[in-house]
Amino acid sequence: MTGAALYTLSRKEGWRRWTDAASRVRPDLLTRRQLARLGADARADFDDARHDWHANFGTIKTPQLAAIHDELDQIVATNRQDPDRVRGAAVIDALPGLGKTTIANTFARDFDRVQRRRHGERTADGHEHLPVFRVGLTSRTTLRTLNRMICEFYGHPGTDRANAAQLASFAVDCVLSCHTRIGIIDDLHFIDPNRRDGVDVSNHLKWLANELPVTFIYAGVGLAERRLFAEGLTGDSAVMAQIATFRLHLAGSSGARVRENERHSLTLT
């Protein structure tokens, strides 16, 4: 592979690198005669550059993607309430391979660029200005795992030796200090609502929404079918329904149909 070293969007350094990356330059189109004149090494380099280009030529902003970005932009724009109020959230729910993560990441990247252009790279107190944090959940995600991943995004030094409560406090401090306004929680389907730790994580998501002045964007597969955010659950799982009071639901495959209700739902069909 050509280009720079690998990185991950689950760390602030990787997220910043991706956010600030310039658009890729398309390799020159060469005729057969020009290709034949290339030496062995030059031809190998040219082919490698073309492989990179075709694998990373960028995201096509289809009408569907643009419509969802517009909805997300409205939610973020309306979340200017004082810190004592809970902000609306977005849930992107669809089958695998339909671009849920791409939708969330590209929207947050554009938002990140605008915020840093307007407000600078440092806060008034001298902290890094990080308008977005992003974490991807794993199987058997626990309360401590979620808090740790948020802290690891910011590079907090106390991540390895803190308990769940301390990590939660560190995460709040990082978000507030870095003036973060969007939090992406990807692969939400790894939360199992039938397990005790799944209920704990669901409760913690509600707590984070109450405590943090950010707009959360959740993404996952089959969240509606799993009733992760649905009201009306029974038995021990009834506590899961509390998140439904502050969600924006995005779901589907192709095309866009907007339906408004008290939760400002948008369904893609």
If I model a spin label at residue 28 and residue 197 as a point 7 Å from the Cα along the Cα→Cβ vector, what separation in nanometres do I get?
5.6
Residue-wise HN-Hα coupling along segment 121-138, computed from phi with Karplus coefficients 6.51, -1.76, 1.60 (Hz; x: Gly, Pro)
8, 10, 7, 4, 8, x, 7, 4, 8, 10, x, 9, 10, 9, 9, x, 6, 10
Cross-link partners among aspartates and glutamates for residue 100, C-alpha distance below 18 Å, same-chain residues fewer than 8 apart left out?
70, 71, 73, 110, 186, 187, 225
Residue 173 to residue 51: extension gain in nm, 0.36 nm per residue of separation minus the Cα-Cα distance?
39.7 nm
Segment 114-181 - percent relative contact order, Cα under 8 Å, separation 6 or more:
39
Rounded to the nearest 0.05, what FRET efficiency is calculated for residue 165 and residue 20 with R0 set to 51 Å and r the Cβ-Cβ distance?
0.90
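Read the figures in this text as sums done on the coordinates, not as results from a lab. Since this is a predicted model, take the numbers as computed values, not measurements. Here the Cβ is made from the backbone with ideal geometry for all residues, glycine too, and neighbour counts use every protein chain on show.
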